[in-house]
Amino acid sequence: MASMDRIGYIQKEVVYTDTTSFHIGYLPPNAYIVRISVSVTTDFTDGVLDIGNATTAAAYANDVALNGVGVKTVTPVAATWGTVESTTDQTEIKGIVVATGTGLAAGAAKAIIEFAYND
């Protein structure tokens, strides 16, 4: 059977206490990120989210604002979306919530990473 283009998703709950690097999921080999969205369900009031890999904390998303409830716009980090991370191995996706200002006391969100890949 010939390989086919596929779309996949990784979803991860994010909370205000996720202030050290945490595991979000894995991209399969030959995958590239198409879109990232962050849906805030409980206001963080004072924080941002970075999404990256084992070597670069903000390789895919840098300083996504977590204040206010709703879906947040995630601007692609130059030269990472749409490029294959690894042709042979899966790539671990990591996240970190960073306090900006007086500190984090509450907050919940869902990060959703959409990717395309070939079998």
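Each row is one residue, and each column tells you yes or no for (1) more than 19 Å from Glu114 (Cα to Cα); (2) in contact (Cβ under 8 Å) with a residue 12 or more places away in the chain.
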| site | (1), (2) |
| --- | --- |
| Pro28 | no, yes |
| Ser39 | no, yes |
| Gly47 | yes, yes |
| Leu66 | yes, yes |
| Gly70 | no, yes |
| Thr73 | no, no |
| Val77 | no, yes |
| Thr83 | no, yes |
| Thr91 | no, yes |
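Under the condition of being of a type in the set (S, T, N, Q) and modelled with pLDDT under 95, which residue from the stretch 35-61 is surrounded by the fewest Cβ atoms within 10 Å (Cβ to Cβ)?
Within the stretch 35-61, the subset of a type in the set (S, T, N, Q) is 37, 39, 41-42, 45, 53, 55-56.
Then keep just the ones that are modelled with pLDDT under 95; that gives 45, 53, 55-56.
Values: Thr45: 17, Asn53: 18, Thr55: 7, Thr56: 13.
Only one residue fits best here, namely Thr55.
Thr88 passes all but one of (1) surrounded by 12 or more Cβ atoms within 10 Å (Cβ to Cβ); (2) at pLDDT below 90; which number fails?
(1)
Of (1) in contact with a Ser or Thr (Cβ under 9 Å, 6 or more places away or on another chain); (2) farther than 17 Å from Ser86 by Cα; (3) assigned to a strand (DSSP E or B); (4) among the β-branched types (Val, Ile, Thr), Ile36 satisfies all except one. Which?
Evaluating Ile36 over (1) in contact with a Ser or Thr (Cβ under 9 Å, 6 or more places away or on another chain); (2) farther than 17 Å from Ser86 by Cα; (3) assigned to a strand (DSSP E or B); (4) among the β-branched types (Val, Ile, Thr) leaves (1) as the failure.
How do the pairs read when you match residues in the stretch 101-117 that are more than 23 Å from Ala59 (Cβ to Cβ) with residues anywhere that are buried (at least 16 other Cβ atoms within 10 Å of the Cβ), using Cβ under 6 Å and keeping only pairs 6 or more apart or on different chains?
Gly101/Asp46; Thr102/Asp46; Ala106/Tyr16
Could you list, in sequence order, the residues of the stretch 11-33 that are acidic (Asp, Glu) and in a loop (DSSP other than H, G, I, E, B)? Spell out how you get there, then give the answer.
Residues of the stretch 11-33 acidic (Asp, Glu): 13, 18.
Scanning the stretch 11-33 gives a single hit, Asp18.
Scan the stretch 53-98 residue by residue and report those that are within 24 Å of Asp43 (Cβ to Cβ) and in a loop (DSSP other than H, G, I, E, B).
Looking only at the stretch 53-98, we keep the residues that are within 24 Å of Asp43 (Cβ to Cβ), and these are 57-58, 60-75, 94-98.
Matches in the stretch 53-98: Ala57, Ala58, Tyr60, Leu66, Asn67, Gly68, Val69, Thr73, Val74, Thr75.
The values are calculated or read from the model by the stated rules, or taken from the named source; none is laboratory data. The shown structure was predicted, so the numbers you read here are calculated from the model rather than taken from an experiment. All Cβ positions, glycine included, derive from the backbone under ideal geometry; neighbour counts span all protein chains shown.
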